[in-house]
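Below you'll find the structure, written out as structure tokens, and then a few comments.
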Amino acid sequence: VPEFFEINIDRDHPDKIYKAFEEFKVKYNRKYKNAAENQMRMQNFVKTYNKVDSLNKRSEEKGLTSQFGINKFSDLSSQEFKRRLLSFTHQNVTGFLKNSRKQTFTRRHKRQAENSEDLPNSFDLRTETVNGRYIVGDVKDQGECSTCWVFAVTAVVETILAHSLGRFKSLSEQELCDCATDGTPGCRGGSLHWGVEYILGKGLAGAWEYPEYNQQRANKSGMCEAASSKRSFPPNKLEFYDLSENPEDEMRGVLSIWKSPVAVFFQVGTSFRNYRSGVLTYEDDCRTGPEIHWHGGAVVGYGEDWDRYGRSQKYWIMKNSWGTGQWGDDGYVKIIRGRNWCDIERGAVGAKMADNMHS
């Protein structure tokens, strides 16, 4: 067992960690059942606290910009964290990669993909507007539910719809949870493939046209109400593309030419769980361990930064679905670009309207 999982109380400031735990409970409104649970949660918190400390020390020693901190997951054991949030399995992933209906971005847009020097050095969809209105929605919160795949897909499709309509409309994550799975509750995990295939065939209701997202409902089967719901996003209007042939340039092309997010999936380790700001560079334990755990998100931009030693750090900007003010940099993360960090560039998916003017 790595030494950071020991309970290391600072000998010079023994009250510091207890104070931090009390502050954590207030900030995240934690109410534990009894003293035994409080003790167990504090032990988890101390392990997280020590891990955060070691991650920050390494960043400082290596001159990196990545910073780590206490967040809403800090009192969970690693098993709880993975069980509650990361049931996005390898089988789902390989099924998506084999999907024969995908086209490749490079084949359709070979000239654009090859002229990567023509693409801007940095691009951020969060600053883009249509008719003066932003086209990337707010960061949402999947709760303690393995529905990252739902939020990643809707983030992509919402922006595509905003281009078509000339204004942003939020779409229904709950419909995908209820209807896009193979009969299992959406909360128990799924894949980007399920979400995209469903919208391609059935379209999708607006968030106001379908019951709002609720993690208890997402944990039940037989809840689909699509037949009686309006379609804000019409069926058979989406084209989607496998970006795995030349992922970095193809992802940059989808973002800066089509002005559309890119859905990604990747393996999650301790550095991602505890991320606060800066560029995530190290993979840590995302590819190791008895069980690999996957997560999905929507890349909304890219750029370049420099670490404390002046070394280039090219990065992706990814929109997560763990809420704002509770994880990461207001719910976003910067991830090192061009290195296939934790497999993030392996199965990226771009999409556009079939009759979109932005082709």
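Annotations for the structure displayed:
- Cα long-axis angle, helix 14-27 against the chain (0 to 90 degrees, to the nearest 10): 40
- A crude spin-label estimate for the pair M40 and D15, with each label 7 Å from Cα along the Cβ direction, gives 3.0 nm.
- When you restrict to C-alpha pairs under 8 Å that are six or more residues apart and normalise by the size of the chain, the relative contact order lands at 20 percent.
- Left without a cysteine partner by the 4.7 Å Cβ rule in the chain: C148, C177.
- Distance from the C-alpha centroid of the range 123-163 to that of the range 297-357: 13 Å, rounded to the whole angstrom.
- Helix 192-202 axis versus longest C-alpha principal axis of the chain: approximately 30°, rounded to the nearest ten.
- Span from the the range 35-90 Cα centroid across to the the range 187-264 one, whole angstrom: 30
- Which of A162, F24, S54, positive extreme of dipole for the chain (C-beta unit charges): A162
- With N as its number of residues, the range 213-359 has a Cα radius of gyration that, divided by 2.2 N^0.38 Å, comes to 1.19.
- Selection from A152, N274, H293 lying farthest towards where the dipole of the chain points positive, charges on Cβ: A152
- Computed over neighbours whose Cβ is under 15 Å from that of S312, the net charge equals +3, Lys and Arg +1, Asp and Glu -1.
- Contour minus Cα-Cα distance for S170 and R346 (0.36 nm per residue): 60.6 nm
- Extension gain for the segment R231 to E60, taken as residue separation times 0.36 nm less the Cα-Cα distance, is 56.5 nm to one decimal.
- Ranked by how many other beta carbons lie within 10 Å on average, peptides 30-41, 324-335 from highest: 324-335, 30-41
- For R339, net neighbour charge (Lys/Arg +1, Asp/Glu -1) across residues whose Cβ lies under 12 Å away: -1
- In degrees, nearest ten, helix 148-165 long axis to first principal axis of the chain (Cα): 40
- Whole-number D in µm² s⁻¹ for the chain, Kirkwood Cα-pair radius fed into Stokes-Einstein, 20 °C, 1.002 mPa s: 101
- The dipole here belongs to the range 84-353: it is taken about the Cα centre, uses +1 on the Cβ of Lys and Arg and -1 on the Cβ of Asp and Glu, and is about 480 debye.
- DSSP-defined antiparallel bridges as percent of all bridges, the chain, nearest 5: 90
- Under Karplus coefficients 6.51, -1.76 and 1.60, residue-wise ³J(HN,Hα) of the range 61-73 in Hz, glycine/proline x: 4, 8, x, 8, 8, 5, 10, 10, x, 5, 9, 5, 9
- The calculated FRET efficiency for D138 paired with N29, based on their beta-carbon distance and R0 = 25 Å, is about 0.75.
- The modelled label-to-label distance between D330 and E80, using points 7 Å beyond Cα along the C-beta direction, is 3.0 nm.
Read-outs: derived from the displayed coordinates by stated rules, not from any lab. Keep in mind the model is a prediction, meaning the values are calculated, not measured. Note: ideal-geometry Cβ built from the backbone for every residue, glycine included; neighbour counts use all protein chains shown.
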